[in-house]
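A.B. asks: For reference, the structure I am asking about is given below.
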Amino acid sequence: MKAQDLILKHAPMSIQNIAISLYNNNLYRERHAGVYKKMMEYYKRCPTISPDEVREEQQRKLADFLHHATENSAWYAPYKGRRLEEFPILEKSDILQNLEKIATIKEDQAIIFCTGGTTGSSMKVLYTPADIQERFAIIDTFRATYGYTLGKKTAWFSGKNITQERDLARGTLYRDDHINKIRFFSTFHIAPRNFEAYWKAFTDYAPEYIIGIPSCIVDLCKMALDRGLHFHGHVKAFFATAETIHAGHREVIRKALDCPLIDQYSSSEGAPYILECPHGSLHIHPLSGIFEVVDENMQPAREGEILVTSFTTYGTPLIRYRIGDRIKLAADDFRCSCGSCFPVAEYIDGRATEFVVSVDGVRIFIGNICNSTKGVQGIQCFQISQHSREEILVKMVCSNKFDIFQELKFKEALRQRLGPDMIINLSRVSEIPREKSGKFRVIKNSIAI
Ligand SMILES: [Zn+2]
């Protein structure tokens, strides 16, 4: 067991809070070192540059990035001197099976990110420290336009399970980072029976900003509204992560918290960014990378799947990476009233409607479900079908690394999320077909709630 897990399991809450504060502080120190300051200045200047300068700068960054990839990655070496359109499409399965060949650095030089990837497989990518510092410079510049800086009182709802069984009885479903003023809430227990504890911890804390998975906070807000409760503090902005937002989300957040819900698109494997401006447009950030929108024949289109090339993935170059999401571009003559010349996406088709319903009626969203493959070896992809509240079928495509121990680990992770009463049937299959749209669905749910 890792030191972190030991502390979470056995230490008193005050010690856990100190441990979390120190852990976080180290994380921030790493992110804010190196090129971070220079990149902050660079991205702060972006809104003032002209469309021609943006195009030129994007081409310069692209050329640098492709040169680096073809010089340093064995996977991309055959494409030296080629134009972007001539590069092969990179599939998730390529990263899963050929990371060593694709990556330009070794694990001991890298910042390693593991994700419960959106196709249901656990994916690992290697970042250089400069990749991470540039990514945080982009995010921090973006959040600063809404007044946010590190150290402002923030409630954070992430997919990390930070609580233990005993916290349920005590109602302590959060941990505090006192150094950076962040209260981390568990998102795994948002259910009517725990509502009072969550609401008290949230309202007592009175955050200025919220960061996290929108569907989790929406569920909490719905419960508050059902009870006729409103939050009397003042939240300046709620930055959504991990899921795309739909109109219903915004409505509930406005009613319960009276704050704007700000959308952002990226991914932990390093996709470039789409960021919502204060005028409500989703601006593609052309200096973070390139979004190609393609139809089902992989031809350029206005609406369809995206292939992303990301300038902040020098460690594991993503070039024409088929990330599995779809967008629709706004009309060419659309000009956002914020004045930015960055192109606009009309919508991002996320996975917002994908969830499993637990036996007692709680919706467990895809972000949390996908996390259950974290640290489990040998699952290439999985799909959950649910036709009743009591039972799910999990189809899995597995390699020979998936043995009985991995199976137990995976089942336990699912059980933690779905509750002890859910019947979980695992079934190995050789293939899981995609939808007609080309999208892979992790959850197919035929029960209404
Ligand atoms: Zn705008």
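A.B. asks: Given the options Ser385, Ser399, name the one that is out of contact with any Phe, Trp or Tyr (no Cβ under 6 Å at 6 or more places or on another chain), without any contact (Cβ under 8 Å) to a residue 24 or more places away in the chain and closer than 30 Å to Val125 by Cβ.
C.D. replies: Exactly one of Ser385, Ser399 is out of contact with any Phe, Trp or Tyr (no Cβ under 6 Å at 6 or more places or on another chain), without any contact (Cβ under 8 Å) to a residue 24 or more places away in the chain and closer than 30 Å to Val125 by Cβ, namely Ser399.
A.B. asks: Yes or no: Ala169 touching a Pro at 6+ places or on another chain (Cβ under 8 Å) and either surrounded by fewer than 20 Cβ atoms within 10 Å (Cβ to Cβ) or closer than 29 Å to Gly228 by Cα (or both)?
C.D. replies: Considered against the rule, which asks whether it is touching a Pro at 6+ places or on another chain (Cβ under 8 Å) and either surrounded by fewer than 20 Cβ atoms within 10 Å (Cβ to Cβ) or closer than 29 Å to Gly228 by Cα (or both), Ala169 comes out as no.
A.B. asks: Does Phe334 count as within 16 Å of the ligand (Cβ to nearest atom) and aromatic (Phe, Trp, Tyr)?
C.D. replies: It is true that Phe334 is within 16 Å of the ligand (Cβ to nearest atom) and aromatic (Phe, Trp, Tyr).
A.B. asks: From (1) farther than 17 Å from Ile210 by Cβ; (2) open to solvent by 30 Å² or more (accessible area, probe 1.4 Å); (3) within 15 Å of the ligand (Cβ to nearest atom); (4) touching a residue at least 24 places away in the same chain (Cβ under 8 Å), pick out the condition that doesn't hold for Pro278.
C.D. replies: It is condition (1) that Pro278 fails.
A.B. asks: Could I ask something else about it? Tell me, which residue of segment 321-336 that is assigned to a loop (DSSP other than H, G, I, E, B) and out of contact with any Asp or Glu (no Cβ under 7 Å at 6 or more places or on another chain) is least open to solvent (accessible area, probe 1.4 Å)?
C.D. replies: Cys336
A.B. asks: Only one residue in Ile138, Ile132, Ile105 is at pLDDT 95 or above and not in a helix (DSSP H, G or I), so which one is that?
C.D. replies: Working: Ile138 fails: not in a helix (DSSP H, G or I); Ile132 fails: not in a helix (DSSP H, G or I).
One residue alone meets the criteria, Ile105.
A.B. asks: Please go through (1) of a type outside the set (Asp, Glu); (2) in the same structural domain as Leu318 (by TED's automatic domain parsing); (3) touching a residue at least 12 places away in the same chain (Cβ under 8 Å); (4) closer than 30 Å to Met40 by Cβ for Ala155 and return the number of the only condition it doesn't satisfy.
C.D. replies: (2)
A.B. asks: For segment 382-415, name all the residues that are over 23 Å from Lys444 (Cβ atoms) and open to solvent by less than 30 Å² (accessible area, probe 1.4 Å).
C.D. replies: Gln406
A.B. asks: What about Phe239, is it away from the ligand (no atom under 16 Å from the Cβ), aromatic (Phe, Trp, Tyr) and open to solvent by less than 10 Å² (accessible area, probe 1.4 Å)?
C.D. replies: It is true that Phe239 is away from the ligand (no atom under 16 Å from the Cβ), aromatic (Phe, Trp, Tyr) and open to solvent by less than 10 Å² (accessible area, probe 1.4 Å).
A.B. asks: Considering Phe355, Phe410, which residue is more than 16 Å from the ligand (Cβ to nearest atom) and modelled with pLDDT of 90 or more?
C.D. replies: The unique qualifying residue is Phe410.
A.B. asks: What's the number of the condition Ser215 fails, among (1) within 16 Å of the ligand (Cβ to nearest atom); (2) buried (at least 22 other Cβ atoms within 10 Å of the Cβ)?
C.D. replies: Only one criterion in (1) within 16 Å of the ligand (Cβ to nearest atom); (2) buried (at least 22 other Cβ atoms within 10 Å of the Cβ) is unmet by Ser215, namely (1).
A.B. asks: Could you list, in sequence order, the residues of segment 258-299 that are within 30 Å of Leu225 (Cβ to Cβ), in contact with an Asp or Glu (Cβ under 7 Å, 6 or more places away or on another chain) and not in a loop (DSSP other than H, G, I, E, B)?
C.D. replies: Ile262, Gln264, Glu276, Leu282
A.B. asks: Would you be able to say whether some residue in segment 338-352 is within 16 Å of the ligand (Cβ to nearest atom), within 23 Å of Leu90 (Cα to Cα), more than 20 Å from the chain's Cα centre (by Cα) and outside any helix (DSSP H, G or I)?
C.D. replies: There is no residue in segment 338-352 that is within 16 Å of the ligand (Cβ to nearest atom), within 23 Å of Leu90 (Cα to Cα), more than 20 Å from the chain's Cα centre (by Cα) and outside any helix (DSSP H, G or I).
A.B. asks: If you take the residues in segment 386-434 that are closer than 16 Å to Ile369 by Cα and in a loop (DSSP other than H, G, I, E, B), which one is nearest to the chain's Cα centre (by Cα)?
C.D. replies: It comes out as Gly419.
A.B. asks: Something else: Please work out if Ile262 is within 16 Å of the ligand (Cβ to nearest atom), under 22 Å from the mean Cα position of the chain (by Cα) and open to solvent by less than 10 Å² (accessible area, probe 1.4 Å). Break it down into steps so the answer makes sense when it comes.
C.D. replies: Values: within 16 Å of the ligand (Cβ to nearest atom): yes; under 22 Å from the mean Cα position of the chain (by Cα): yes; open to solvent by less than 10 Å² (accessible area, probe 1.4 Å): yes.
So Ile262 fits the description; yes.
The values are calculated or read from the model by the stated rules, or taken from the named source; none is laboratory data. This structure is a prediction, so every number in the text was calculated from the model and none was measured. So basically every Cβ, Gly included, is an ideal-geometry build from the backbone, and we count neighbours across all protein chains shown. Only protein heavy atoms, including side chains, enter the accessible area calculation; ligands, DNA and RNA are left aside. Shrake-Rupley method; radii C 1.70, N 1.55, O 1.52, S 1.80 Å.
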